[in-house]
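Structure first, commentary second.
The values are calculated or read from the model by the stated rules, or taken from the named source; none is laboratory data. Every value quoted in this text rests on a predicted model; they were computed, and no experiment measured them. Here the Cβ positions follow ideal geometry from the backbone for every residue, glycine too, while neighbour counts run over all protein chains shown.
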């Protein structure tokens, strides 16, 4: 099964590094990127991702708000919130906003990503 994955991230260095790591670890994964909320919604409509890695802070809107918006229109994507800040209030907001998982960028580990993707494939 080829997963379509969207990375919504405004930081070019992190986005490119993460995209390269995912591509190397999951060569059959189809990857696309968005740098803000407007572009992300356009990509969700056109690309139909199975997985979305969502930065919590975007230039035009909160990744938490965007997650809620996506889930209300397109409930299928598995959305993983990414942030530098492992704060309880962010985790709670992600849960309320219907995010499926929450990962911190500084402890981001591809084995954890692989575990999440394996769980998604089993569903």
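Below is a table of values for the structure above.
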| item | result |
| --- | --- |
| Flag for residue 102 being surrounded by 15 or more Cβ atoms within 10 Å (Cβ to Cβ), free of Cβ contacts under 8 Å to residues at least 60 places away in the same chain and more than 18 Å from residue 3 (Cβ to Cβ) | yes |
| Test: residue in the range 70-77 that is within 19 Å of residue 16 (Cα to Cα) and over 12 Å from the mean Cα position of the chain (by Cα) | no |
| Hey, residue 87 over 18 Å from residue 116 (Cα atoms) and either surrounded by fewer than 16 Cβ atoms within 10 Å (Cβ to Cβ) or modelled with pLDDT of 95 or more (or both) or not | yes |
| Condition met for residue 57 (more than 11 Å from the chain's Cα centre (by Cα) and closer than 23 Å to residue 111 by Cβ) | no |
| Residue within the range 23-30 that is at pLDDT 95 or above and in contact with a strand residue (DSSP E or B) (Cβ under 7 Å, 6 or more places away or on another chain) present | yes |
| Tally, over the range 48-70, of residues that are surrounded by fewer than 18 Cβ atoms within 10 Å (Cβ to Cβ) and touching a strand residue (DSSP E or B) at 6+ places or on another chain (Cβ under 7 Å) | 1 |
| Sole exception among (1) at pLDDT 95 or above; (2) surrounded by fewer than 21 Cβ atoms within 10 Å (Cβ to Cβ); (3) over 22 Å from residue 3 (Cβ atoms) for residue 96, by number | (1) |
| Search result, residues across the range 86-95 that are farther than 16 Å from residue 53 by Cβ and either in contact (Cβ under 8 Å) with a residue 24 or more places away in the chain or within 10 Å of the chain's Cα centre (by Cα) (or both) | 93 |
| Any hit, the range 29-44, residues being over 14 Å from the mean Cα position of the chain (by Cα), surrounded by fewer than 18 Cβ atoms within 10 Å (Cβ to Cβ) and over 14 Å from residue 7 (Cα atoms) | no |
